[in-house]
Amino acid sequence: QVQLVESGGGLAQAGGSLRLSCTTPESTFDSYVVSWFRQAPGKEREFVAALRRPGNPYYADSAKGRFAISRGNVRNTVYLQMDTLKPEDTAVYYCAVGRPVLSSIRNPEMYYYWGQGTQVTVSS
C-alpha cells in the first residue's frame, strides 16, 4: 500500500506563492501517474495537475500558466508550485496516485491512493 503525505500548505496573499510537496516513504512514484486535486468547502473535488510518463505535465485550465507540477530529485517526491495565487485557489489540496489513461486523468475515481490533504488559504 502506498502511503502519501502532503505538506507545504498555509496562508498566502493574493498574488503570492506556495509550494506543496507529496511524498511517500513506502515506494517511488515511478510506476504511477501522480496528480494533484483540490476541494473547497461545499464543492466537488477538482483536478489540478498531473505528471505522466510518457508525456508532458497536464493541467486544468485553472492552473495553466500559474501552477507547475514536477518530480523532485528524490524519486518519491512530487511538487506543486503555485504562483499568482487567487482567493479562488483556497481549498484542501490532495495528491493522488493511480494509473489512469489520459482520457480519465481528471477523474478522481481513477486514483488508487490519496494523501490526507494540506490546506491552502489565499486572502484578498
- Scanning the range 33-50 residue by residue, those in contact with a Phe, Trp or Tyr (Cβ under 9 Å, 6 or more places away or on another chain) and open to solvent by 40 Å² or more (accessible area, probe 1.4 Å) turn out to be Gln39, Arg45, Glu46
- Message: Suppose the filter is over 19 Å from Val5 (Cα atoms) and not in a loop (DSSP other than H, G, I, E, B); does Ser103 pass it?
- Response: yes
- Message: Of everything in the range 56-70, what is surrounded by fewer than 18 Cβ atoms within 10 Å (Cβ to Cβ) and among the aliphatic types (A, V, I, L, M)? Give them in sequence order.
- Response: Ala60, Ala68
- Message: Out of Arg75, Arg53, Arg99, I need the residue that is loosely packed, with under 13 Cβ neighbours inside 10 Å, touching a Ser or Thr at 6+ places or on another chain (Cβ under 6 Å) and at pLDDT below 95. Which one?
- Response: Arg75
- Item | Residue list for the range 1-17, restricted to those being assigned to a strand (DSSP E or B), among the aliphatic types (A, V, I, L, M), at pLDDT 95 or above and open to solvent by 30 Å² or more (accessible area, probe 1.4 Å) | Leu11
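The values are calculated or read from the model by the stated rules, or taken from the named source; none is laboratory data. All values derive from a computational prediction rather than experimental measurement. Positions of Cβ are generated from backbone atoms using ideal geometry, with glycine treated the same way; all protein chains shown enter the neighbour counts. Please note that ligands, DNA and RNA were not included when accessible areas were found on the heavy atoms of the full protein model with its side chains. Shrake-Rupley method; radii C 1.70, N 1.55, O 1.52, S 1.80 Å.
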